[in-house]
Amino acid sequence: MQINLKEPFGVLKHSASTEDVAHLLSLFIKKDSLLLFSFYERNLPLVDNDIQEFINERRLFTNSEWVLPWEETIPHWDQPNNTPPNLIWFSVKTKDEIIKAIDIDSLFRCVVVKEGDDFYKYSNVIFQQEYYATFDEENFEHYIGFTNKVEFLNATWPELKNRFHVNLVE
């Protein structure tokens, strides 16, 4: 793994398993915080019933807030009025639930919010991206981004470097 803190948000390049990514995400959660994953509400009817149940049982609310550290692009907006799409925000607490949420959408976006706080007071946005490593369409590089670099260095970094082989690029 390699962590780059030069950008406006931190980026961790990895080739970790889903279980390791779930463990990594759990390092971002404080004892009094929740990890909330998002799912496009319009896509709910397109997934299996067991996935719908998993999301709906953990659903806390729906909004259309774009949390990623870049602007939303119109092709992702809902037609015909070009309005932001509704996002279901659902809470996961255990490692198995985090793994299931990642399996639902490997290019996830989630936020860390203190229990009882308003959604808009989230302390970190965490997201996974993938890019072609080569021209071979099967060869991807995976990155986990996070918006709160200070919190990462203070709370997540010490545990992360004890568990994984990590290089830090500042």
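Summary table
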item: Cβ-derived FRET efficiency at R0 22 Å, Glu138 paired with Gln2, nearest 0.05; result: 0.55
item: Three principal axis lengths of the chain [C-alpha, angstrom, descending]; result: 45, 44, 30
item: Student exercise, the stretch 1-67 dipole from Lys, Arg, Asp, Glu Cβ charges, in Debye to nearest 20; result: 340
item: Charge dipole (the chain, unit charges on Cβ, about Cα centre) - positive-most of Ile104, Asn49, Asn63; result: Asn63
item: Test item: Cα-centred dipole of the chain, Lys/Arg +1 and Asp/Glu -1 on Cβ, debye; result: 700
item: Rough spin-label spacing in nm, given labels placed 7 Å along Cα→Cβ, for Asp103 and Phe164; result: 2.1
item: Size of charge dipole - the stretch 100-170 - debye, nearest 20, with Cβ of Lys, Arg +1 and Asp, Glu -1, no other charges; result: 400
item: Residues of the chain: accessible area per residue with a 1.4 Å probe, Å²; result: 57
item: Share of carbon and sulfur in the accessible heavy-atom surface of the stretch 96-163 [1.4 Å probe, %]; result: 44
item: Label point at Asp117 placed 7 Å out along Cα→Cβ; residues across the stretch 14-34 whose backbone nitrogen lies under 17 Å; result: 26-34
item: With DNA, RNA and ligands ignored, accessible area of His165 (1.4 Å probe; Å², nearest 10); result: 140
item: Mean ellipticity per residue at 222 nm, deg cm²/dmol - from DSSP H runs of n ≥ 4 across the chain, formula -39500 (n - 2.57); result: -6000 deg cm²/dmol
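The values are calculated or read from the model by the stated rules, or taken from the named source; none is laboratory data. The shown structure was predicted, so the numbers you read here are calculated from the model rather than taken from an experiment. Using ideal geometry, Cβ is built from the backbone for each residue, glycine included, and neighbour counts are taken over all protein chains shown. Heavy atoms of the whole protein, side chains included, go into the accessibility calculation; ligands, DNA and RNA do not. Shrake-Rupley method; radii C 1.70, N 1.55, O 1.52, S 1.80 Å.
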